[in-house]
1. Go through the stretch 6-55 and count every residue that is aromatic (Phe, Trp, Tyr) and over 24 Å from residue 76 (Cβ atoms).
2. Go through the stretch 47-79 residue by residue and tally those that are in a loop (DSSP other than H, G, I, E, B) and not hydroxyl-bearing (Ser, Thr, Tyr).
3. Of the residues in the stretch 41-63, how many are closer than 18 Å to residue 20 by Cβ and within 10 Å of the chain's Cα centre (by Cα)?
4. Do you know which residues across the stretch 26-45 are without any contact (Cβ under 8 Å) to a residue 24 or more places away in the chain and small (Gly, Ala, Ser)?
5. Please specify each residue of the stretch 5-46 satisfying the condition of being loosely packed, with under 14 Cβ neighbours inside 10 Å and in a helix (DSSP H, G or I).
6. State all residues of the stretch 1-56 that are among the charged types (D, E, K, R) and in contact with a strand residue (DSSP E or B) (Cβ under 7 Å, 6 or more places away or on another chain); if no residue qualifies, say none.
Amino acid sequence: MGRSSLTDALVVATGRSARHVASLAENLARRIKEWGYGTSRIEGLSQGDWVLIDAGDVVVHIFRSEVRAYYDLEGMWSVDEVSHRQRSTEHLGSLA
């Protein structure tokens, strides 16, 4: 894709609550280790609004739905820059 040298892939997922987000993250990190990919770095687990799992070649973001909509990572990393600029403008207008 050529967007970043930090990782090969981004995964964005949504949990229904802070506890669900944290549970998904804990389970995924455990599975990554069981599958032989080593220990992942995890950020945001205690809050449960947005948990980032850095598994090296893959970075996973797990959000509560409201937080996912607010940060709009899909728009930020979208190949379609025109749509992203339009969404950003709409988002800024909704904050006023």
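Readers should treat all values here as calculations from the given coordinates under stated rules, not as data from a laboratory. All values reported here derive from a predicted model rather than from experimental measurement. Here the Cβ is made from the backbone with ideal geometry for all residues, glycine too, and neighbour counts use every protein chain on show.
1. Pass one, the stretch 6-55, residues aromatic (Phe, Trp, Tyr): 35, 37, 50.
From what's left, over 24 Å from residue 76 (Cβ atoms): 35, 37.
Total meeting the criteria: 2.
2. Total meeting the criteria: 9.
3. Of the residues in the stretch 41-63, the ones closer than 18 Å to residue 20 by Cβ are 42-53, 60-63.
Those left that are additionally within 10 Å of the chain's Cα centre (by Cα): 50-53, 60-63.
Counting residues in the stretch 41-63 that are closer than 18 Å to residue 20 by Cβ and within 10 Å of the chain's Cα centre (by Cα) gives 8.
4. First, pick out the residues of the stretch 26-45 that are without any contact (Cβ under 8 Å) to a residue 24 or more places away in the chain: 26-27, 30-45.
Correct list: 36, 38, 40, 44.
5. Correct list: 19, 27, 30, 31, 33, 34.
6. Within the stretch 1-56, 8, 41, 43, 49, 54 qualify.
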